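Have a look at the structure below before the remarks.
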Amino acid sequence: MRYHDLHLDELLRFEPTGGIVRYARERALILDAVALGSLRKELIDTVGQEVARGLLTRFGFAHGWRVAESFEQDFPWDSEHEWTRAGGRLMQLLGLVVVENDEPPKEPGAPLAASYWKDSFEAEQHLLHVGRAEKPVCWTICGMASGYVSRCTREEIYFFEDKCEAAGDAVCHVVGRRREDWGPEHHNLFRYFERESMDAVLARVAEKLKETERRLRVRERQTRARPKAPPDMVVKSEAMTAVVGIAQRVAKVDATVLITGESGVGKERIARLVHDESPRAGGPFIAVNLGAITGTLLESELFGHAKGAFTGASRERIGLFEAANGSTIFLDEIGDLGPELQVKMLRVLQEREVRRVGDNRARPIDVRVVAATNKELVDAVKNGEFREDLYYRLRVVEIALPPLRDRRDDILPLARKFADVAAERAGVKGVKLTPEVADQLLRYPWPGNVRELENSIEYAVVVRSGPIITINDLPEDVRRAVAPPMSGGEIRPLDEVERDYIVAALAAKDDNRRAAAEALGIGVATLYRKLRKWGVS
Ligand SMILES: [Zn+2]
């Protein structure tokens with residue numbers, strides 16, 4: 001077998017559903033280059049460029065050495081030369097670099113090997129995280145080439161770059177020689193391959209570790225102080241974590257609570273949390289929406305009625321306040337309460353007793369009231385629509401729930417939870433979101449808050465055609481949302497946004513201008529005119 005016969009199809013083994021991936025029989029990981037790049041940057045920042053270079057060089061060397069060994073056993077090479085040459089091929093197949101062999105003239109003093117490395121991931125990541133370098137930086141890959149070839153030849157072979165993309169050269173160029181063939185100017189580079197400097201590394205790392213430990217302890221203390229939300233609640237954002245903390249603390253004291261926030265933010269869930277974590281948790285949590293019914297009917301619903309109190313009151317009935325005796329009542333949409341009932345509610349809160357409709361007897365009750373509103377009650381008080389005394393009675397403690405757009409960290413965890421729930425209801429398992437969907441969910445402002453998110457995901461689970469929710473499964477409003485102008489911290493000129501959007505639409509339609517124009521709802525001629533204006537061909 002010759003080195004160029006190596007093919008990714010035969011080297012890579014994986015299950016389509018993921019799990020263990022094997023590369024040339026060894027367990028392999030599919031790693032994001034940027035992630036590796038940030039680890040590399042972290043190393044540089046933590047232990048300094050010198051030490052980081054040594055660590056990465058030896059990491060690469062060990063990797064190369066190991067792969068050379070498994071390649072020797074796994075493939076029937078025509079010759080040792082083919083096996084050695086397979087190293088470059090391997091680095092290309094791993095996606096590290098694109099290797100072009102440079103055939104140096106066969107003359108005395110010529111290097112053993114020389115290659116051009118194009119698109120080095122390491123140079124790319126260095127430029128990305130650290131910026132332009134003064135000297136070549138493909139340390140890991142040089143280490144790997146050295147390890148691989150040293151194992152094959154059983155000699156000390158070192159590869160160093162004399163050109164590197166990260167240092168401003170057009171491509172990286174690397175040369176490999178025996179240790180003794182490198183001139184004295186390279187001798188100080190051998191130390192990166194040697195472990196002697198490990199002591200120094202360890203001393204420095206130990207110092208850093210102490211520092212990290214100290215920071216960890218601080219973090220731990222902070223984490224311990226963080227409230228723990230019940231398992232069925234999705235709370236990732238700082239804002240919501242704070243709300244849950246307040247609710248849990250308030251739960252322990254028997255004060256009346258007013259929960260404020262836009263429609264659909266989950267006020268009832270917080271009210272229930274206040275009940276569940278209170279000493280009244282053993283009793284029922286009675287929820288009533290004051291916006292749903294009005295007048296006498298609501299009054300009798302809340303306070304009960306005597307037999308014959310009004311037409312249809314054929315028998316005596318207790319109200320929700322009495323039913324909630326010893327426990328908690330949740331009054332949603334308290335801002336919708338009419339003036340007459342506001343007076344009666346105030347009396348109930350002040351006197352701690354109720355009078356059924358058509359009955360003069362006062363009955364003592366022991367009920368904790370949690371009210372909620374999506375209205376600005378302060379304004380309603382100013383306008384004379386809501387009694388000021390009742391407002392202050394209710395608002396002993398106020399918990400303000402932030403809208404979903406102000407706690408973006410909760411959007412995706414919530415969406416995934418709703419997808420699981422909806423999938424289970426639909427009798428399917430593991431409905432996932434594509435990254436595009438996740439992106440779009442974050443882009444949309446969610447005016448209807450958590451409820452709208454839940455409905456949208458339920459909708460997507462129902463209409464989806466495969467095991468994954470794609471962008472086309474989302475409700476139209478969500479699908480069409482464009483990034484809010486402030487998301488990048490700056491407002492871009494409309495013309496520029498339009499150009500980018502149209503170019504993206506063209507790409508999505510495989511550059512079919514007719515199809516793109518149709519999707520954009522503009523004429524083909526208009527599209528051409530715009531493209532000409534921007535000089536887009
Ligand atoms: Zn390089």
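Just to be sure, is R464 among the charged types (D, E, K, R) and modelled with pLDDT of 80 or more? Give the steps one after another, and end with the answer.
Working: among the charged types (D, E, K, R): yes; modelled with pLDDT of 80 or more: yes.
The answer is yes for R464.
The residues of the range 222-236 that are modelled with pLDDT under 70 and either of a type in the set (D, E) or assigned to a helix (DSSP H, G or I) (or both), listed by number, are Q222, T223, R224, A225.
Just to be sure, is T84 touching a residue at least 60 places away in the same chain (Cβ under 8 Å), within 26 Å of A170 (Cβ to Cβ) and hydroxyl-bearing (S, T, Y)? No: the conditions fail for T84. Out of all the residues in the range 321-377, which are farther than 14 Å from L302 by Cβ and of a type in the set (V, I, T)? T328, V370, T373 - these are the residues of the range 321-377 that are farther than 14 Å from L302 by Cβ and of a type in the set (V, I, T).
Checking each residue in the range 388-428 for being of a type in the set (V, I, T) and part of a helix (DSSP H, G or I) picks out I411, V421.
Taken over the range 457-478, the residue count meeting the criterion of being touching a Phe, Trp or Tyr at 6+ places or on another chain (Cβ under 9 Å) and over 15 Å from R425 (Cβ atoms) is 5.
Does V462 meet the test of being in contact (Cβ under 8 Å) with a residue 40 or more places away in the chain, more than 21 Å from D410 (Cβ to Cβ) and assigned by TED's automatic domain parsing to the domain that holds V431? Spelling it out, V462 is indeed in contact (Cβ under 8 Å) with a residue 40 or more places away in the chain, more than 21 Å from D410 (Cβ to Cβ) and assigned by TED's automatic domain parsing to the domain that holds V431.
A count restricted to the range 301-319 and to residues that are surrounded by 22 or more Cβ atoms within 10 Å (Cβ to Cβ) and assigned to a helix (DSSP H, G or I) stands at 2. Within the range 508-521, the set of residues being under 16 Å from V482 (Cβ atoms) and out of contact with any helix residue (DSSP H, G or I) (no Cβ under 8 Å at 6 or more places or on another chain) comprises just one member, G521. Could you go through the range 12-24 and let me know if any residue there is touching a residue at least 40 places away in the same chain (Cβ under 8 Å) and among the polar types (S, T, N, Q). No, there is no match, as no residue in the range 12-24 is touching a residue at least 40 places away in the same chain (Cβ under 8 Å) and among the polar types (S, T, N, Q).
Among the residues of this structure, N455 does not count as one that is over 18 Å from K267 (Cβ atoms), among the polar types (S, T, N, Q), assigned to a helix (DSSP H, G or I) and not assigned by TED's automatic domain parsing to the domain that holds G335. Looking across L96, L31, L43, one residue alone is assigned to a loop (DSSP other than H, G, I, E, B) and either among the β-branched types (V, I, T) or touching a helix residue (DSSP H, G or I) at 6+ places or on another chain (Cβ under 7 Å) (or both). It is L96. Residues that are surrounded by fewer than 19 Cβ atoms within 10 Å (Cβ to Cβ), among the charged types (D, E, K, R), closer than 15 Å to H126 by Cα and touching a residue at least 12 places away in the same chain (Cβ under 8 Å) are absent from the range 47-65 altogether.
On the basis of being crowded, with 17+ Cβ neighbours inside 10 Å and more than 11 Å from the ligand (Cβ to nearest atom), does L94 make the cut?
yes
Of the strands (runs of 3 or more DSSP E) contained entirely in the range 100-181, those carrying at least 2 residues that are within 9 Å of the ligand (Cβ to nearest atom) fall at 157-163, 172-178.
Residues checked against (1) touching an Asp or Glu at 6+ places or on another chain (Cβ under 8 Å); (2) assigned to a loop (DSSP other than H, G, I, E, B); (3) among the small types (G, A, S):
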{"position": "A255", "(1), (2), (3)": "no, yes, yes"}
{"position": "L273", "(1), (2), (3)": "no, no, no"}
{"position": "G291", "(1), (2), (3)": "yes, yes, yes"}
{"position": "N325", "(1), (2), (3)": "yes, yes, no"}
{"position": "L341", "(1), (2), (3)": "yes, no, no"}
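The values are calculated or read from the model by the stated rules, or taken from the named source; none is laboratory data. Everything numeric in this text was worked out from a predicted model, so none of it was measured. FYI the Cβ positions are ideal-geometry reconstructions off the backbone, even for glycines, and counts take in every protein chain you see.
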